[in-house]
Amino acid sequence: MADETINTEVKYSAKDFSSSQDVRWCPGCGDYSILAQMQRVSPDLGIKKENFVWISGIGCSSRFPYYMDTYGFHGIHGRAPAIATGVKVNRPDLSVWVATGDGDLLSIGGNHFIHACRRNVGIKIMLFNNRIYGLTKGQYSPTSEKGKKTKSTPFGSVDFPFNPVSLAIGAGATLIARTFDRDPKHMQAMMKRAADHNGTAFIEIFQNCNIFNDGAFELYTEKESRPENVVVLEHDKPLLFGKNNEFGIKLEGFTPTVINITENGNSVNDVWVHNEFEKTNSRANILSQFTEMEGLPVPIGVFRQETKTTYEEDFQNQINGVKKSRGEGDLRKLLFTGNVWEVNGNGS
Amino acid sequence: MGKTILDLTDVTVRFAGDSGDGMQLTGSQFTNTTALVGNDLSTLPDYPAEIRAPAGTTYGVSGFQLKFSSSDVHTPGDSPDVLVAMNPAALKINLSDLKPNAMIIVNINAFDTRNLKLANYDSNPLEDGSLQGFTVVQVPLSQQTSKALEGIGLTNKEISRSKNFFALGMMYWLYSRPIEPTIEWIKSKFKDSALLAEANEKALMAGYYFGENTELFTTRYQVYPAKLPKGTYRNVSGNEAIALGFITASVKSGLPLFLGSYPITPASDILHELSRHKNFGVRTFQAEDEISAITACLGAAFSGALAITTTSGPGVALKSEAMGLGVMTELPIVIIDIQRGGPSTGLPTKTEQSDLLQAMYGRNGEAPVVVLAASTPADCFYMAYEASRIATKYMVPVMLLSDGYIANGSEPWKIPEPDSIPEIEVKFQTTKEGFQPYNRNENLVRPWAIPGTPGLEHRIGGLEKSNITGNVNYDPLNHEFMVQLRAQKVDNIKHDIPLLEVLGDEDADIAIVGWGGTCGAITEAVRRLRVKGNKVAQIHFKYLNPFPSNTKEVLGRFKKILCPELNMGQLSKILRSQFDVDLVEYNKIQGLPFKSSEIELKFESMTGGNGNGR
């Protein structure tokens, strides 16, 4: 637990985190699952209900705070990380969460996102990534695949997409993870990790928009195809996947390849063992790029976790340090400082 | 040497040189010493947007003007009595501003072929008779500085950089100013380089003795201390005073001060000043952009801080969406706009008053905010405090307008006793009984319930609200009601601000109406007009939204209103539309403040110069 006040008295239930507002997402939207998992894990995070603050920008995902019975601030497009920074710097004791989408965070809010990561502000960013603009009705987003045909790209988009996990790693986020809307248990585990993390926690959630981009992640979420297309990252465990965990990922230099550990004299000992706490981010970066490499499974789980001082800690420590060395501010001393002179009233 | 000492009541001096010549430093040292002597004063720094424009060019000229007096000073002076010109370009740029018979002190060593050519002079003005009518004093400033610092162990280039201290020393002698405060300043400023400290001190002394010993000056001058009210004084710039005002408001309200800011001229000095005072718990957040600066400020306000953001016009443009969010969420934030010449990047280092309409209306939707304007450098202190008081009492964004002229200019400030400044009472909602996020008190103000308070969990945001519950509501009639309610809330503040005052002749036919930083120039013009026998009144707005409750009545007392503004008539537009008054606009859009003589002339042209203002 970071610096949020630990609750030892009241025992909450998921219902305590459900506000009185009607949830207005489209039936079948992946957001419902994210909301449900958050409400389910919230009672177990050891944080007082009044110390939760949910902040959002604009988009379907950003209606999230209205549905959580905590403090909430539905902001303006893309600016949630900046609003959250203001809250966290002023009140490091609060548990500050950002609900955001791929358009919100990575397009209009790209600047604030990278700078929150750079500073390691102790906020938890939940990116609802459905690779499409939902609320503005179906334009391509910064995570849409190149060539995507949408209302604004009838001939296919010519933009290369962002890789959110690579971006977060590059920008310096200190906990980076990925999960699916269709895997409640895994999502809950990731939410807990974020809650416990001291610093910027970034979780990409593959989320299905059944209206404008239905089935975008089907390959990873359907029972049939999932085992061969998803690898679950677990600390100190080999990267194995497949119906019977028969496949492993081997790292040759900087190149990951898939091997069958039951064939050609391969064994589990040849397989890359995941280490969340690696000193450099090189291997986390390679993992993040699996999505762009033919034949490699999509990783979910924690890519990397790093221990660094947080922005708000350093911020407050500096203030405390100056107070200590100069003494608590004295208003009279401040005003009557510098080249001060007396006028006795008769002008002489 | 027994030179004559002549008493003067007031003097306007302008230092001008290359942007690398240290003219701002020279000017501010002269200012500080003059303040310590007890003169009233006002300053006008004027510098180019380029950090170091090519040496010797006209566009690289940096100037610092200062008026000091044994009586009240309202402006930095219309036309200098003395110009110190460090090179031909500085002479060329400033010549037309000088008083007839003004003294021009030039660095003769800089008047070589190269510099004359750079300044686009066809012939040497010192030799071609073009300076007839002025008292020209030719000082071998570079040469004398080199001589004084010979063998000290500095390169020629380094020695040359001390020549501003030589000029300063000379001016100290000429105006009988003490030299010690600057020596002390040099010692502390250059404490890490004994050699530079020694060089600058030597150059300063050499300049002083040069005045004493040379035959170039036959007279020196003396300006006695001004008859200021009894008290303790210091010299403050507008930006310094704003920073001090917010720290005071933070102490007086018990709220932590949070500043979200992105550097921009001419507002950055507020960020610099506040960053120095972390022992007051001041939280300065240098954001990645203007939008982050204000939205972080909204987050801080939501969580219980006295939250402010400092910027200039282009930054306000970027912040406008977030200001609307502040209006909708009814959070207390203060947006400080140090206006500069626009539009777009415009004239970054020059002054203008052209953001008034932006402040009043520059947001999408019906988004009223409180608009205040500081009138002088010292007034910035009180308006910063006032902006904080109104924002927290009424849960509303407040815009505080200042401008480049007030921000960088300085004047003596009678320091208030902190105990004499009232507390700012802030009450967070802490009890659950009857709590609703958009419940309202008698002033229509909703409660400030901050995260961390048990039982008051609630959501705010930019979507339209139901009154009382704060739930999202798209009902047409609710929207109309809420728009009116937010407007009413701001309008009600008119009962909580001072009434508009009439200065000068209450029974005059013509009133000169101003707002913000033109206060000094108008005050001085009114003073001079009245000395000449005119009847004239002055009205000055520091509260622009809402206007003081007696505004219509006060404006109605006069047959004619003259409204000088450093824009195309923005206050005039607003006054016409709200109060249906007959106005004569007087607009100046040159990046420069008004001279009081300009306002005087305009007034005289309205009255036909018959001297009675009727």
Can you work out ³J(HN,Hα) from phi for every residue in the stretch B:456-471, in order, using Karplus 6.51 cos²θ - 1.76 cosθ + 1.60 and θ = phi - 60°, giving whole Hz and x for Gly and Pro? 9, 3, 7, 10, 10, x, x, 6, 4, 10, 7, 4, 6, 6, x, 5
How much of the accessible area of chain A, in percent, comes from carbon and sulfur atoms when a 1.4 Å probe is used? 49
Rounded to one decimal in Å, the inverse mean reciprocal Cα-Cα distance for the stretch A:295-348, i.e. its Kirkwood radius, is 17.0
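At a probe radius of 1.4 Å, figure out the B/A buried accessible area, summed over both chains, and give it in Å² to the nearest 100. Write down the numbers at each step before the final one.
Working: alone 25420 and 17560 Å², together 37320 Å².
Interface area, both chains combined: 5700 Å², rounded to the nearest 100.
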Taking the Cα of B:SER79, stepping 7 Å toward and past its beta carbon, and measuring to each backbone N in the stretch B:90-128: which are under 13 Å? B:95-103
Kirkwood estimate for the protein assembly as shown, i.e. one over the average of 1/r between Cα atoms, Å: 31.4
Could you work out how far the C-alpha centroid of the stretch A:165-206 sits from that of the stretch B:393-412, in angstrom? 43
How many angstrom lie between the C-alpha centres of the stretch B:336-380 and the stretch B:130-179? 40
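Please state the relative contact order of the stretch B:267-381 as a whole percent: Cα pairs under 8 Å, 6+ residues apart? Write out the running numbers ahead of the final one.
Details: 131 pairs, mean separation 23.2, N = 115.
The normalised contact order for the stretch B:267-381 reaches 20 percent.
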Can you name the helices of chain B, as whole DSSP H runs, whose Cα span along the helix axis is 20 Å or more and whose Kyte-Doolittle mean is not below 0.5? B:238-253, B:313-329
Nonlocal amide H pairs with B:LEU347, under 5 Å, H built at 1.01 Å: B:GLY341, B:GLY342
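Which of the residue pairs A:LYS11/B:LYS393; B:LYS147/B:LYS187; B:LYS147/B:LYS191; A:LYS323/B:LYS414 have a Cα-Cα distance greater than 30 Å in the structure shown?
Details: A:LYS11/B:LYS393 37 Å; B:LYS147/B:LYS187 22 Å; B:LYS147/B:LYS191 24 Å; A:LYS323/B:LYS414 27 Å.
Violating the 30 Å limit, Cα to Cα: A:LYS11/B:LYS393.
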With springs only between Cα atoms under 10 Å apart, run a GNM on chain A and tell me which of A:ILE132, A:ILE319, A:ILE108 wobbles the most. A:ILE319
Rounded to whole angstrom, the alpha-carbon centroid of the stretch B:555-614 lies from that of the stretch B:517-541 at a distance of 11
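Go ahead and run the numbers for FRET between B:TYR474 and B:ARG440, Cβ-Cβ distance against an R0 of 25 Å, rounding to 0.05.
Details: r = 21 Å, r/R0 = 0.84.
Efficiency for this residue pair is about 0.75.
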Estimated vicinal HN-Hα couplings, Hz - the stretch A:293-299 in sequence order (Karplus 6.51, -1.76, 1.60; Gly, Pro = x): 10, 3, x, 9, x, 7, x
At least 50 Å² of accessible area lost relative to the chain alone, listed for the stretch B:265-288 with a 1.4 Å probe: B:LYS278, B:ASN279, B:PHE280, B:ARG283, B:PHE285, B:GLU288
Per-q log10 I(q)/I(0), chain A, q = 0.09, 0.10, 0.12 Å⁻¹ (Debye; single scatterer per alpha-carbon; no solvent): -0.53, -0.64, -0.87
Accessible area per residue of the stretch B:1-145 at 1.4 Å probe, in Å²? 39
Setting aside same-chain residues fewer than 8 positions from B:LYS117, which lysines have a Cα under 16 Å from its Cα? B:LYS92
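Mind running the shape call on the stretch A:159-210? Use the C-alpha gyration tensor, a ≥ b ≥ c as the square roots of the eigenvalues: rounded below 1.5 for a/c, prolate if a/b tops b/c, oblate otherwise.
Numbers: a/c = 3.29, a/b = 1.02, b/c = 3.22.
Here the stretch A:159-210 falls in the oblate category.
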Quick one: what does P(r) look like for the stretch A:73-214 with 5 Å bins over all Cα pairs, in whole %? 2, 11, 20, 22, 20, 14, 8, 3, 1, 0
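Over all distinct alpha-carbon pairs, what is the Kirkwood Rh of chain B in angstrom? Display every interim value, and only then the final one.
Working: mean 1/r = 0.0384 Å⁻¹.
Answer for chain B: a Kirkwood hydrodynamic radius of 26.1 Å.
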Under the 7 Å Cα-to-Cβ spin-label approximation, B:GLN222 and B:THR9 lie apart by a distance in nanometres of 1.8
Can you figure out the FRET efficiency of B:SER176 with B:LYS147, using R₀ = 30 Å and their beta-carbon distance, to the nearest 0.05? 0.75
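When only DSSP loop residues count, what GluC sites (Glu not before Pro) in the stretch A:256-346 have their Cβ near at most 12 other Cβ atoms within 10 Å? Intermediate values should be presented prior to the final figure.
On the way: sites: A:GLU263, A:GLU276, A:GLU278, A:GLU292, A:GLU294, A:GLU306, A:GLU312, A:GLU313, A:GLU328, A:GLU342; in loops: A:GLU263, A:GLU276, A:GLU278, A:GLU294, A:GLU306, A:GLU328.
When the GluC sites (Glu not before Pro) of the stretch A:256-346 are filtered for loop state and at most 12 Cβ neighbours within 10 Å, A:GLU263, A:GLU294, A:GLU328 remain.
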Student exercise, the protein assembly as shown dipole from Lys, Arg, Asp, Glu Cβ charges, in Debye to nearest 20: 540
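Please say if the stretch A:172-247 is rounded, prolate or oblate, where rounded means a/c under 1.5 for a ≥ b ≥ c the square roots of the C-alpha gyration tensor eigenvalues, and otherwise the choice is prolate for a/b larger than b/c and oblate otherwise?
Working: a/c = 2.39, a/b = 1.19, b/c = 2.01.
It comes out oblate by the Cα gyration axes.
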When every alpha-carbon pair in the stretch B:116-208 is counted, what percent end up more than 18 Å apart? 54
Where trypsin sites (Lys or Arg not before Pro) fall in DSSP loop in the stretch A:142-174, at most 15 other Cβ within 10 Å: A:LYS146, A:LYS149, A:LYS151
Suppose a student asked you for the relative contact order of the stretch B:278-337, using Cα pairs under 8 Å spaced at least 6 residues apart; what percent would you report? 37
Share of chain B's accessible area from carbon and sulfur, percent, 1.4 Å? 51
Trypsin sites (Lys or Arg not before Pro) lying in DSSP loop within the stretch A:239-348, provided at most 11 other Cβ fall within 10 Å: A:LYS243, A:LYS279
Å² of accessible area per residue within the stretch A:185-249, as computed with a 1.4 Å probe and no ligands counted: 45
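With a probe of 1.4 Å, find how much accessible area the stretch A:98-178 has per residue, and write the answer as a whole number in Å². Provide the component values of the computation, followed by the final result.
Values: 2740 Å² over 81 residues.
On a per-residue basis, 34 Å².
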For chain B, what does the relative contact order come out to in percent, with C-alpha contacts under 8 Å and a separation of six or more? 12
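The values are calculated or read from the model by the stated rules, or taken from the named source; none is laboratory data. Quick caveat, the model's predicted, so the values are computed rather than measured. So basically every Cβ, Gly included, is an ideal-geometry build from the backbone, and we count neighbours across all protein chains shown. These area figures cover heavy atoms from the full protein model, side chains too; ligands, DNA and RNA do not enter into them. Shrake-Rupley method; radii C 1.70, N 1.55, O 1.52, S 1.80 Å.
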